[in-house]
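Chemist: Dumping the structure here so I can ask a few things about it.
The values are calculated or read from the model by the stated rules, or taken from the named source; none is laboratory data. None of these values were measured; they are calculated from a predicted model. Every residue, glycine as well, gets a Cβ built from its backbone with ideal geometry; the counts of neighbours run over all protein chains shown.
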Ligand SMILES: CCCCCCCCCCCCC[C@H](O)CC(=O)SCCNC(=O)CCNC(=O)[C@H](O)C(C)(C)COP(=O)(O)OP(=O)(O)OC[C@H]1O[C@@H](n2cnc3c(N)ncnc32)[C@H](O)[C@@H]1OP(=O)(O)O
Ligand SMILES: NC(=O)c1ccc[n+]([C@@H]2O[C@H](COP(=O)([O-])OP(=O)(O)OC[C@H]3O[C@@H](n4cnc5c(N)ncnc54)[C@H](O)[C@@H]3O)[C@@H](O)[C@H]2O)c1
């Protein structure tokens with residue numbers, strides 16, 4: 001709703017009231033319309049101030065209403081009512097003015113912002129465009145290039161930048177509402193003719209066509225198939241080429257197109273999913289709202305390789321004191337240099353405060369004796385990690401959290417090396433750890449609720465989205481990767497090429513296809529794991545070469561590793577690179593020849609494999625594992641899996657995540673296609689639809705928020 005009050009006798013004050021962000025719900029819109037009429041009808045009122053309760057102007061349209069039948073006064077007539085008012089209306093912007101909130105402010109005749117406020121049009125991230133005049137007013141106010149930048153990227157600007165761009169009239173360090181009231185009094189009686197943005201001509205720079213052409217190219221390059229950014233460009237184009245009223249019609253048309261697209265639904269689902277994962281629960285009933293995190297001031301990182309360095313940077317930038325440990329002098333000094341460089345680049349590029357003084361380096365694990373939490377990031381080797389955990393358990397003060405960054409080893413086995421297994425948890429960061437936003441917090445059967453809560457909170461403080469997951473081989477992300485990779489290898493055996501498979505996945509929206517990712521992260525990583533699992537056997541040409549434990553197995557990755565083809569680092573992998581460490585993947589005729597030879601050796605006849613088959617086999621196998629993970633209680637809900645895949649594995653956000661995507665395809669269709677492929681490949685268990693997937697499909701493809709009702713009581717499993 002919106003409150004009305006009178007300040008100093010002559011200023012009508014309308015206060016938006018809808019915690020936590022004063023979103024423009026039906027009740028708020030109704031309140032604004034009613035209170036505007038009241039303010040305009042009271043003769044004593046000479047000017048109006050619009051502000052938001054609790055130091056937040058407005059977070060935009062109420063996204064929760066998008067899924068339901070719209071009620072209440074629409075936004076567009078509401079902003080027209082404000083702009084057409086005969087008395088000056090001043091927006092007092094504190095905290096945020098985002099989306100519809102900024103559109104509301106642009107309909108006011110003046111805008112006063114607090115210096116700490118942020119403003120922006122984030123609609124594009126929800127698969128939409130500013131649909132209450134934002135695409136028509138902003139270019140009229142600040143020009144086409146700046147408007148295109150803000151609307152197509154959704155980036156938030158500070159009050160200072162907003163002032164520079166001309167979005168706000170004044171910035172204050174003092175109380176913005178008081179400043180707006182004073183300002184409103186000072187403009188009483190002044191003509192409003194020059195203050196209604198919709199009446200401004202839209203500036204037409206001479207190189208207009210080139211500007212739009214560049215903007216379109218830019219969004220095409222980065223959108224990965226998302227339609228909203230390009231549609232935003234079209235809406236801004238309408239502002240320049242059409243009169244205001246016609247431009248508004250075009251904005252509405254384009255908004256409706258986006259609003260009804262599956263992409264907007266997926267992005268809005270994802271918006272709430274990313275917030276929902278913080279309300280975590282574990283298989284044995286621990287919950288976010290009943291578990292109190294422990295205080296952590298000082299942390300340690302053991303092992304300063306690729307991951308340990310990034311984790312150290314992340315911790316220091318978040319304000320923690322860090323003890324960083326490497327056992328070899330040489331590695332320690334290299335790590336020190338690398339960490340300093342990362343901190344300096346962070347300060348230069350993102351303005352993150354330099355935090356060199358937060359870090360103490362040591363060659364001795366004894367240096368961790370007084371820390372509150374340790375993150376182990378040594379080689380992925382169970383025996384080594386066990387030794388490290390035994391040492392830590394003996395050295396650390398009582399009650400210290402012992403965390404591991406393992407990519408998939410058994411947390412419980414590590415916990416059993418310590419005197420307090422309840423203090424052990426996985427903190428699975430993603431590379432590069434100081435950049436990637438995802439953290440899988442892996443709880444074992446014995447991890448205490450407080451320990452899970454502490455790791456989740458640590459992640460948040462480090463600017464990560466933390467997702468709590470149960471303990472199993474590969475946890476959630478890497479476990480689902482296995483059947484996906486497996487299908488990709490099988491497709492090569494059957495006649496595809498790496499570039500064909502990658503192209504299909506990139507057209508779907510992945511940042512990189514599976515083979516490019518494999519080259520980037522190094523083929524040797526998986527090889528090591530397969531070797532320790534006893535899967536890699538000496539090259540042979542018989543049927544057994546492609547069977548392990550009764551199931552189909554592709555040794556292709558192993559064979560490439562045997563030839564020293566580890567990917568980018570060696571300049572050769574699934575692709576070729578101009579030099580070791582090169583980044584531009586080029587198809588490799590050697591690999592094509594090698595695949596032909598391999599097929600001939602194994603009696604495989606190459607066939608044409610179409611786009612649909614590549615996509616379905618890779619994605620549905622991955623999705624099926626996701627359902628198995630839900631069934632096993634390793635993830636508490638589909639949102640957890642979707643957030644992990646979007647933030648950790650490059651799944652296109654505008655497709656919501658693998659579980660949401662499955663729902664959009666139709667669970668019955670996913671089951672049917674998996675059954676189809678399983679019939680053709682009976683020796684691939686990953687293609688057998690799991691029982692939860694079948695159950696959900698049979699219960700009529702319920703909406704994703706209803707899945708939890710069908711999922712059986714979760715339990716962690718190894
Ligand atoms: C044929 C079809 C025709 C269609 C006709 C339909 C007509 C409709 C016409 C509408 C015109 C639309 C006009 C407008 O341009 C569209 C919009 O305004 S879209 C919304 C734009 N705003 C945003 O995207 C802001 C989103 N929010 C944020 O970025 C952040 O929440 C924040 C505001 C920066 C605050 O961040 P934090 O402090 O970190 O807090 P949280 O993020 O955790 O949020 C707290 C809590 O609030 C919930 N929430 C936030 N914003 C909104 C919102 N806009 N609506 C609803 N709820 C919101 C958030 O979900 C959290 O709650 P939780 O999920 O944890 O319960
Ligand atoms: N690289 C990735 O993409 C990635 C992603 C997520 C998780 N992980 C996991 O993170 C862990 C580390 O991986 P990485 O890629 O950083 O490995 P890395 O080989 O780059 O670094 C490991 C470091 O640990 C050091 N080390 C070994 N034994 C030590 C000991 N006893 N005490 C102190 N330091 C010791 C080594 O000298 C080396 O610098 C592994 O468990 C790995 O599975 C890696």
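Chemist: If residue 257 passes every condition in (1) more than 16 Å from ligand 2 (Cβ to nearest atom); (2) in the same structural domain as residue 466 (by TED's automatic domain parsing) but one, which one does it miss?
Modeler: The failed condition is (2).
Chemist: Let me confirm something: among 469, 465, 476, which residue is within 24 Å of residue 627 (Cα to Cα), surrounded by fewer than 24 Cβ atoms within 10 Å (Cβ to Cβ) and in contact with a strand residue (DSSP E or B) (Cβ under 7 Å, 6 or more places away or on another chain)?
Modeler: When all the criteria are applied, what remains is 465.
Chemist: From 222, 198, grab the single residue that is assigned to a helix (DSSP H, G or I) and more than 35 Å from the chain's Cα centre (by Cα).
Modeler: 198 is the lone residue from the list that is assigned to a helix (DSSP H, G or I) and more than 35 Å from the chain's Cα centre (by Cα).
Chemist: From the list 77, 122, exactly one residue is surrounded by fewer than 24 Cβ atoms within 10 Å (Cβ to Cβ), touching a strand residue (DSSP E or B) at 6+ places or on another chain (Cβ under 7 Å) and more than 19 Å from residue 179 (Cβ to Cβ). Which is it?
Modeler: 122
Chemist: Then there is this: Looking at 92, 97, can you tell me which residue is over 30 Å from residue 206 (Cα atoms), in the same structural domain as residue 179 (by TED's automatic domain parsing), more than 16 Å from ligand 1 (Cβ to nearest atom) and touching a helix residue (DSSP H, G or I) at 6+ places or on another chain (Cβ under 8 Å)?
Modeler: Just a single option satisfies the conditions, and that option is 92.
Chemist: What residue, among those in the range 392-414 that are over 32 Å from the mean Cα position of the chain (by Cα) and part of a loop (DSSP other than H, G, I, E, B), is surrounded by the fewest Cβ atoms within 10 Å (Cβ to Cβ)?
Modeler: Result: 398.
Chemist: Residue 326 - would you say it is closer than 18 Å to residue 310 by Cα, near ligand 2 (Cβ under 9 Å from one of its atoms), out of contact with any helix residue (DSSP H, G or I) (no Cβ under 8 Å at 6 or more places or on another chain) and modelled with pLDDT of 95 or more?
Modeler: The answer is no for residue 326.
Chemist: Exactly one of these conditions fails for residue 417: (1) in contact (Cβ under 8 Å) with a residue 60 or more places away in the chain; (2) crowded, with 17+ Cβ neighbours inside 10 Å; (3) assigned to a loop (DSSP other than H, G, I, E, B). Give me its number.
Modeler: With (1) in contact (Cβ under 8 Å) with a residue 60 or more places away in the chain; (2) crowded, with 17+ Cβ neighbours inside 10 Å; (3) assigned to a loop (DSSP other than H, G, I, E, B) applied to residue 417, the lone miss is (1).
Here is a yes/no grid of residues against (1) touching a residue at least 12 places away in the same chain (Cβ under 8 Å); (2) touching a helix residue (DSSP H, G or I) at 6+ places or on another chain (Cβ under 7 Å); (3) not in a loop (DSSP other than H, G, I, E, B):
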| residue | (1), (2), (3) |
| --- | --- |
| 545 | yes, no, yes |
| 579 | no, no, no |
| 606 | yes, yes, no |
| 615 | yes, yes, yes |
| 621 | yes, yes, yes |
| 627 | yes, yes, yes |
| 635 | yes, yes, no |
| 642 | yes, yes, yes |
| 651 | yes, yes, no |
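Chemist: Quick check on my filter: what residues within the range 13-36 are more than 16 Å from ligand 1 (Cβ to nearest atom) and in contact (Cβ under 8 Å) with a residue 60 or more places away in the chain?
Modeler: Residue satisfying the conditions is 13 alone.
Chemist: Against the definition (touching a strand residue (DSSP E or B) at 6+ places or on another chain (Cβ under 6 Å) and more than 16 Å from ligand 2 (Cβ to nearest atom)), how does residue 14 come out, yes or no?
Modeler: yes
Chemist: May I pose another question? Do we find a residue being under 21 Å from residue 66 (Cα atoms) and within 10 Å of ligand 1 (Cβ to nearest atom) anywhere in the range 155-176?
Modeler: No, the conditions are met nowhere in the range 155-176.
Chemist: Please determine, by comparing only the residues of the range 37-60 that are away from ligand 1 (no atom under 13 Å from the Cβ) and assigned to a loop (DSSP other than H, G, I, E, B), which one is surrounded by the most Cβ atoms within 10 Å (Cβ to Cβ).
Modeler: Looking at residues that are away from ligand 1 (no atom under 13 Å from the Cβ) and assigned to a loop (DSSP other than H, G, I, E, B), I get 45.
Chemist: Only residues that are touching a strand residue (DSSP E or B) at 6+ places or on another chain (Cβ under 9 Å) and more than 18 Å from residue 465 (Cα to Cα): list them for the range 252-295, please.
Modeler: Listed by number, the residues that qualify are 283, 284, 286, 294.
Chemist: Which residues, taken from the range 295-331, are part of a loop (DSSP other than H, G, I, E, B) and over 14 Å from residue 370 (Cα atoms)?
Modeler: 303, 304, 305, 318, 319, 326, 327, 328 - these are the residues of the range 295-331 that are part of a loop (DSSP other than H, G, I, E, B) and over 14 Å from residue 370 (Cα atoms).
Chemist: If you don't mind, another one. Being within 27 Å of residue 650 (Cβ to Cβ), buried (at least 18 other Cβ atoms within 10 Å of the Cβ), more than 8 Å from ligand 2 (Cβ to nearest atom) and touching a residue at least 24 places away in the same chain (Cβ under 8 Å): is that true of residue 434 here?
Modeler: In short, yes.
Chemist: Restricting to the range 1-32, name every residue that is part of a helix (DSSP H, G or I) and under 16 Å from residue 91 (Cβ atoms).
Modeler: Result: 28, 29, 31, 32.
Chemist: Evaluate the range 145-155: report whether one residue or more is surrounded by 18 or more Cβ atoms within 10 Å (Cβ to Cβ), assigned by TED's automatic domain parsing to the domain that holds residue 215, out of contact with any strand residue (DSSP E or B) (no Cβ under 6 Å at 6 or more places or on another chain) and within 22 Å of residue 194 (Cβ to Cβ).
Modeler: yes
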